[in-house]
Protein chains: 2
Amino acid sequence: MPHASAPQHDAPRDSPDTTPDAAAGTPPAKARGKAGEKSPRSTARKAVGRPPRISRDDVVRAARRIVDDAGVDALTMRRLATDLGTTPMALYHHVRDKEELLVLLLDDYAAGALRPTGLPDDPVERVLAAAAAIHDALAARPWIAQVLTADDLMAASALWYVEQVVDGLTAAGLSPAQAVHGYRAIWYYTAGEILVRATAARRRAADDRPTYREHVFAGLDPAELPRLSGVAADWAELTAQDTYRDGLRALVTGLVAGR
Amino acid sequence: MPHASAPQHDAPRDSPDTTPDAAAGTPPAKARGKAGEKSPRSTARKAVGRPPRISRDDVVRAARRIVDDAGVDALTMRRLATDLGTTPMALYHHVRDKEELLVLLLDDYAAGALRPTGLPDDPVERVLAAAAAIHDALAARPWIAQVLTADDLMAASALWYVEQVVDGLTAAGLSPAQAVHGYRAIWYYTAGEILVRATAARRRAADDRPTYREHVFAGLDPAELPRLSGVAADWAELTAQDTYRDGLRALVTGLVAGR
DNA sequence: GCATGTTTTTATACATGTAAGAAAACTAGC
DNA sequence: GCTAGTTTTCTTACATGTATAAAAACATGC
C-alpha cells in the first residue's frame, strides 16, 4: 500500500490516491523533505515536481475562516485565493471545484460539531436520536443546502451516526439490506426537510414577494379542492411549524412495522 | 377586485397584481386594446406606457422549446433572449430571475404531464398513489432538481394531487392539521429522494471521480463501525435500488398509525 | 551543467446571471 | 404639438466559476 508523500489531489485524472487521511484533519504534512519516514517499505522519494505552496488543508481552513467571519456568500474562489496569497486557479489543483470545497468544509464542520453522546438503548429510540442529531447539526448551518444533496455526503465524521441508524434498524429486526434502505429513506426525509426549509427561509429573507403560494391559494376553488380550501388560511402557520421529529417517528415506526 | 389589464409582472415592487390566472395557461391577453371588456366596472383604460413586445407566456414558451430541443443546460438568459428577438435584460421584466422562470417552466410541464386518472378508494392507497404520481412526474425530468426545493412548488397543476394526499390522510383519521403535516412529511421525503438521486446521477455522469464515498468506505474500521463495514461492499448496489415506494409506504403507514 | 519529466502555479479568456441607469414608446392632459 | 408620466426595452458593466495553455520550480539521469 503506497503511502509516503502522496499528492494532495488526484491531479489531471490518473493517480488513484487512496490515502485515507486526506479528508479529515491530518496535518498538512508540510515541512516535508528530509524528515525520516516510518513506513518500512516505500522508499520515501524526494517528491518530484514543483513544490506546492498551499495544501488542500490550507484551502479548507482559509475557506472556513471566510465562512465564519463573513458568511458563505463571501466565499468566492477569488477571495479565497487572495487570502491565501495565490491565484484562483491554483486552488483547482487541491479541490476539483467549488462544490467539492463545500463538501470538504461541511465535513470539517461535522468533525467538530457532532459528538457521540449517550444514545438510548431502545433501537427505535436510538435511530430517532441519531437521525435527529444529524438533522440538527446540518440544519444549524443554512449554507449547507448547497451541498446537502451529495449522495455521498455522509463522510468521515458523520459516519458514526449512520452506523447508529443502521445498527438500530437491524436491532429492530430489519435485514442488513432493509436497514440500509431504511437509512436511505431517513436520509431522504432529512435532507428534504432541510433543503425545503432552507430554501423557503432564503426566499422569505431575500424578498417580500407574494410567495406565489398565496397567489395560488387565493384562487382556490372550494368545489374542486375542498380540503385545501379548508386549510388554506392556516397553511402558512401549519407549514411553519417544526414537525421534523413527528414525521421522523412516523417513518421509523413504519419502517420497523414493515417487518 | 381589480382585474382588467393587469401588468404581467409586479414591476419594480409595488403593484399587488393578484390576477389568479397569470400563472397557468391563460392566453396572453395580447391583441388587447379596443376589445370590449366583460367586467362591469373597471373602465378598461388604454394601457399606459411603452407597449410590451413579449409577454411572460412568450418567455415561458420559448424556454420550454429550448429545454425540449437542447436540454436544460442550453437554457441561458442570453439564448432565450436571442430566440425571442430581444435582449437578456428585457426578460427580467417578465420574470424575476432565472429561478422563477424554472418554477414557471415546471408548472408548465406539470400542467401537461399530470392527469387525474383513477385513484384507489382506500385512503392509504390513494395517498400512496397520489404521492407516487407526483414523484414520478418530477423524477422524469432531472433538471427539476434545481427548482424542487421551492417551498411553494405545489402550484396550480399539481394541486389536485396535493388535495388527494390531504384528503386521504384525513379520511384515514388524521385531523386537518395532522394531514397537512403529513403531506409535508411526504413532500420532504419525495423531494429529498429526487434531489439526492438527481445529484448522484449528475455526478456519475459528469465524471468518473472515485465518489469520495468509496474513498471513505475503503478506510472503514470494522471495530468501530461494524454494520457499515458489513454492508460496505454492497452499499453502491443497495443505494442504487429504487425503494421510493417502500419508504413512502412506511412513512404513510407510520403517519396513519400515529392516530 | 543540461535536457527531461513531473507537479504546481500563473495568465488569459469566456460564459453566465444580473445590477444600474439610460433610452424608447406609448397615453393623458394641456 | 408639447410636456409629463409610465412602462418596457436596451446598453453597459461587473462578479463569478472555471477552461485552457503557458510558465515556473523542482528531481533525476546523463
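The values are calculated or read from the model by the stated rules, or taken from the named source; none is laboratory data. Quantities reported herein were computed from a predicted structural model and do not represent experimental measurements. Glycine also receives a Cβ, built like all others from the backbone with ideal geometry; neighbour counts cover every protein chain displayed. The accessibility values were calculated without ligands, DNA or RNA, using every heavy atom of the protein model including side chains. Shrake-Rupley method; radii C 1.70, N 1.55, O 1.52, S 1.80 Å.
Quick notes
- Evaluation of B:V103 against (1) under 17 Å from the mean Cα position of the chain (by Cα); (2) farther than 28 Å from A:A200 by Cα (one fails), failing number: (2)
Yes/no per residue for (1) more than 14 Å from DNA strand C (Cβ to nearest atom); (2) within 27 Å of B:V216 (Cβ to Cβ):
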residue	(1), (2)
A:P51	no, no
A:A63	yes, yes
A:T76	no, no
A:L84	no, yes
A:P88	no, no
A:H93	no, yes
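- Hits in region B:53-91 - residues which are assigned to a loop (DSSP other than H, G, I, E, B) and within 15 Å of B:R141 (Cα to Cα): B:G71, B:L75
- Residues (small (G, A, S) and either open to solvent by 40 Å² or more (accessible area, probe 1.4 Å) or outside the structural domain of A:A172 (by TED's automatic domain parsing) (or both)) located in region A:216-234: A:A218, A:G219, A:A223, A:G230, A:A233
- Restricting region B:191-215 to residues that are more than 7 Å from chain A (Cβ to nearest Cβ) and modelled with pLDDT of 85 or more, the residue that is most open to solvent (accessible area, probe 1.4 Å) is B:R197.
- Cβ separations smaller than 6 Å between residues 6+ apart or across chains give the following pairs from region A:224-247 residues that are more than 9 Å from every other protein chain (Cβ to nearest Cβ) to residues that are in a helix (DSSP H, G or I): A:A232/A:F217.
- Within region A:61-84, no residue that is within 14 Å of chain B (Cβ to nearest Cβ) sits with its Cβ atom under 7 Å from a residue that is more than 10 Å from DNA strand D (Cβ to nearest atom) at 6+ positions apart or across chains.
- Pairs with Cβ under 8 Å, 6+ apart, first in region A:101-112 and more than 16 Å from DNA strand C (Cβ to nearest atom) and modelled with pLDDT of 80 or more, second outside any helix (DSSP H, G or I) and open to solvent by less than 20 Å² (accessible area, probe 1.4 Å): A:V103/A:A150; A:V103/A:L153; A:V103/A:A155; A:L106/A:L153; A:D107/A:A155
- Qualifying residue in region B:235-248 (condition: surrounded by 21 or more Cβ atoms within 10 Å (Cβ to Cβ), small (G, A, S), more than 23 Å from the chain's Cα centre (by Cα) and at pLDDT 85 or above): no
- B:D121 fulfils the conditions (1) more than 16 Å from DNA strand D (Cβ to nearest atom); (2) within 14 Å of another protein chain (Cβ to nearest Cβ); (3) without any contact (Cβ under 8 Å) to a residue 60 or more places away in the chain except for a single criterion, (2).
- Verdict on A:D121 being in a helix (DSSP H, G or I) and either modelled with pLDDT under 95 or in the same structural domain as A:Y161 (by TED's automatic domain parsing) (or both): no
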